[in-house]
Structure formats: structure tokens, C-alpha cells
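Data first, discussion second: the structure below is written as C-alpha cells.
The values are calculated or read from the model by the stated rules, or taken from the named source; none is laboratory data. Computed from a predicted model, the values in this text were never measured in an experiment. When we count neighbours, we look across all protein chains shown, and the Cβ atoms used for this are built from the backbone with ideal geometry, even at glycine.
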Amino acid sequence: MIETSVKSVLFVCLGNICRSPTAEALFRQKSSAVELNISCDSAGTADWHIGSPPYQPMQEAALVRGINMSKLRARQISIHDFTNFDLIIAMDEKNRANLNTLCPEGVGKVRLLTEFAQENLGYDYVPDPYYTRDFNQTLDIIDQSLSGLIENLNSANTA
Ligand code: 4NP
């Protein structure tokens, strides 16, 4: 699914306080466990939470699974991210549409996280727990999708 060698990944959601920081922190953990040397970061399409730590209920649910994201701070996506990152991973279709509007030339770098899930999750996007309040569901979907993404990156980088 990923053909080129990828050295950096950016995860993107709306606020950068729930889904994308969780994806960033968990990607860091899972990729280092398999010695996949790929840098990562996260950003939001909106500017509402710039400088804020991840949303407290999201942090608490993640910490139960051993994911500590207390040091992360929200930032907004910038046009420079399209040159600085090899792969940009959106949490839902709205994020993807916003990214494609911001940088139409970068469309080939933008993918949806759930595309990489290897089992049927019942969702083809990552539900926003800021609204659903189901933080564990979001964690499950991110976790399963990241496993598929990392497998893909591993094969692409060793091909
Ligand atoms: P996220 O969730 O995009 O997963 O970070 C949201 C966080 C905050 C808001 C919306 C979504 N908000 O409206 O402030």
C-alpha cells in the first residue's frame, strides 16, 4: 500500500488534543518496539488549542494502556508540513478534505489512518471522542490501524 521509503509521518485531526496526539504517542511506542526508525509528529487543522496538552480524559484513557502523552502540545498544520513530512495521515474525511484544500499539490501524501486497519473495525474513520465520549473505542481503532500502518512501513522500508 505504501510504495516509497518513508522517514517521517504526521498525524492530523481537528483539534490536535484527542486523536492525533494519541496516534503520535502510540506510533512512537509501537514503531520503536519493532525498531522502525521513522520520526513522527501531530497537528490539528484548527487553531483552537494551540499550545495545550492533550485533552485530560483522552490522556487518562491512554495512560491506562501505558501511553503517556502529557508532554505533547497542540499545534496547527502548516503548509511547510507538506514538505517536511513524507506521509500525512488524517483521522477522518473532513480532516483529509481540509488538508487537500490547504495543499492540493500534497494530495498524494495524504492518507486516512483506518485505510491501514487489517480487520474490519466497523468504522472507516477514527471517531472523535471529544463528541462521542468513547475514548476506549478511539484508542482501539487507532491501535489496530497503527499496527497495519507499521507493517506497511516496515515492508516498504525493507523492500
Ligand atoms: P480531536 O478532537 O480533533 O481528536 O483533537 C477535538 C478536540 C476539540 C474540539 C473538537 C475536536 N473542539 O471543538 O474544541
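Results, tabulated for the structure shown:
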read-out	value
Candidates E105, E93, E119 - the one that is acidic (D, E), surrounded by fewer than 16 Cβ atoms within 10 Å (Cβ to Cβ) and either in contact with a strand residue (DSSP E or B) (Cβ under 8 Å, 6 or more places away or on another chain) or closer than 15 Å to T45 by Cα (or both)	E93
Filter pass, V9 being in contact (Cβ under 8 Å) with a residue 60 or more places away in the chain and under 11 Å from the mean Cα position of the chain (by Cα)	yes
Given (1) in contact with a strand residue (DSSP E or B) (Cβ under 9 Å, 6 or more places away or on another chain); (2) charged (D, E, K, R); (3) more than 16 Å from the ligand (Cβ to nearest atom), index of the condition R75 fails	(3)
The one condition in (1) closer than 14 Å to C13 by Cβ; (2) modelled with pLDDT under 95 that E93 fails to fulfil	(2)
Filter result for the condition that a residue is within 16 Å of the ligand (Cβ to nearest atom), under 20 Å from P21 (Cβ atoms), out of contact with any Ser or Thr (no Cβ under 8 Å at 6 or more places or on another chain) and among the aliphatic types (A, V, I, L, M), over L146, L139	L146
Segments classed as helices (runs of 4 or more DSSP H), wholly inside the range 63-159, with at least 1 members that are in contact (Cβ under 8 Å) with a residue 24 or more places away in the chain and of a type in the set (K, R)	93-102
Test for Q59: is it over 25 Å from N154 (Cβ atoms), surrounded by 15 or more Cβ atoms within 10 Å (Cβ to Cβ) and touching a residue at least 40 places away in the same chain (Cβ under 8 Å)	no
Filter result (assigned to a helix (DSSP H, G or I), in contact with a strand residue (DSSP E or B) (Cβ under 8 Å, 6 or more places away or on another chain) and more than 11 Å from the ligand (Cβ to nearest atom)) within the range 3-34	E24, F27, R28, S31
Any pair with Cβ under 6 angstrom, 6 or more apart, that starts in the range 16-34 at a residue that is closer than 18 Å to K94 by Cα and ends at one that is within 11 Å of the ligand (Cβ to nearest atom) and part of a helix (DSSP H, G or I)	C18/M58; C18/P129; C18/Y130; A23/I142
Subset tally (residues that are part of a loop (DSSP other than H, G, I, E, B) and within 16 Å of the ligand (Cβ to nearest atom)) for the range 35-54	10
